[in-house]
1. Go ahead and estimate [θ] at 222 nm for the chain from helices alone: -39,500 (n - 2.57) per DSSP H run with n ≥ 4, summed, over the residue count, rounded to 500.
2. For a quick check: sort 147, 249 by the number of other beta carbons within 10 angstrom, fewest at the front.
3. Using Cβ counts within 10 Å as a stand-in for footprinting exposure, how do 115, 259 rank, fewest first?
4. Enter the angle in degrees (range 0 to 90, nearest 10) between the Cα long axis of helix 244-261 and the first principal axis of the Cα atoms of the chain, meaning the one along which they spread out most.
5. Can you give the relative contact order of segment 8-74 as a percent, counting alpha carbon pairs under 8 Å and 6+ residues apart?
6. Helix 218-227 against the longest principal axis of the chain: what's the angle in degrees, Cα atoms only, rounded to the nearest 10?
7. Working from the pairwise distances between different alpha carbons, so that the mean of 1/r is found and then inverted, what is segment 2-261's Kirkwood radius in Å?
8. If you rank 174, 47 by fewest surrounding Cβ atoms within 10 Å, what's the result?
Ligand code: LER
Ligand code: MN
C-alpha cells in the first residue's frame, strides 16, 4: 500500500513547494489533475522523481460521454495519449469520470432509455481505449461519484456492471470513500463486491476533510480491501483542516495506523 495525495496547484512554484511538503509528511505518490498536467508533465514528473515521489495516476479527458461527437472523439484520443504518458512516467492508472451533472440525453423509450444510452455509449468508448491500456500495462479507472455530482455512476456495483460488459482486465473501478459514504449501503460490502475490479482508491472523511477528522470508519473499509487482496494506492483527495503540514502529517499517520490495524 502506498499513500498518495491529490490537490490543486496554482503554478510550478506552488507545485514545487507543495510536493516538498508532501515528501516531508511521508506521502509517497502524487496524483496529477488537469492543473498539474497544464504545468508540463516532464517538469512536474522530474521534480517528483528528484524527491523520490511517484505519480499514482493522472486524470483522463472527462469527455467520454459528451453529447458532442467531436468531443467524444477528442476524449478517446486524449485518453490514448495519456495512457502512453502514464506508461512513460510509471503511473498506475488513468482516471475517468464518465459524466458530471444531469443526464443530457433524451429518453428514447421504448427503444432505449436515457440510462441505457449512456451505459452503451460508455461501454463502446471503453472498448476503444482498453486495448491500449492492456498494451501499456496501465489501468483505465472508472470513478463513481455521489448523486450531487453525477446522475450516472454512483456506486461500485454500477461500475462493475460496465467493467463486465467491456470485458477487459485493464478496466477497473476507483472507489472514493467520500462518495461511498453517501451512496453505498456498506463501504466494506462495496469493496468486497468490487473484488479484483478495484484498481485505485480515493480517501476523504465524511466531511471531505482529511481522514481521521470525520465519522467514516476507515478501518472496516481497509479490512475489506485487504480481504480482496488490494495493496495499491490510497490517495487523499480532500480539504485539510488547519495548518497543511501538521494536518497532512497526522492524516498520513492515521491512514497508516488504520491500515496496519485492519
Ligand atoms: C470528484 O468529486 C472526485 O471525487 C474526483 O476524484 C473526480 O476526479
Ligand atoms: Mn475522488
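1. Details: 10 runs with 126 residues, N = 262.
My calculation for the chain gives -15000 deg cm²/dmol from helical runs alone.
2. Details: 147 12, 249 16.
Least to most surrounded, the residues fall as 147, 249.
3. Working: 115 14, 259 18.
By the 10 Å Cβ count, ascending: 115, 259.
4. For helix 244-261, the angle is close to 70 degrees.
5. On the way: 56 pairs, mean separation 21.0, N = 67.
Computed over segment 8-74, the figure is 31 percent.
6. Compared with the principal axis, the helix lies near 70 degrees.
7. Details: mean 1/r = 0.0535 Å⁻¹.
With all distinct Cα pairs of segment 2-261 included, I get 18.7 Å.
8. Working: 174 27, 47 17.
Going from sparsest to densest Cβ surroundings: 47, 174.
Where a number appears in this text, it was derived from the coordinates with a stated rule and is not lab data. Note that the structure is predicted; figures quoted are calculated from it, not measured. Here Cβ is always computed from backbone atoms with ideal geometry, including for glycine, and neighbour counts include all displayed protein chains.
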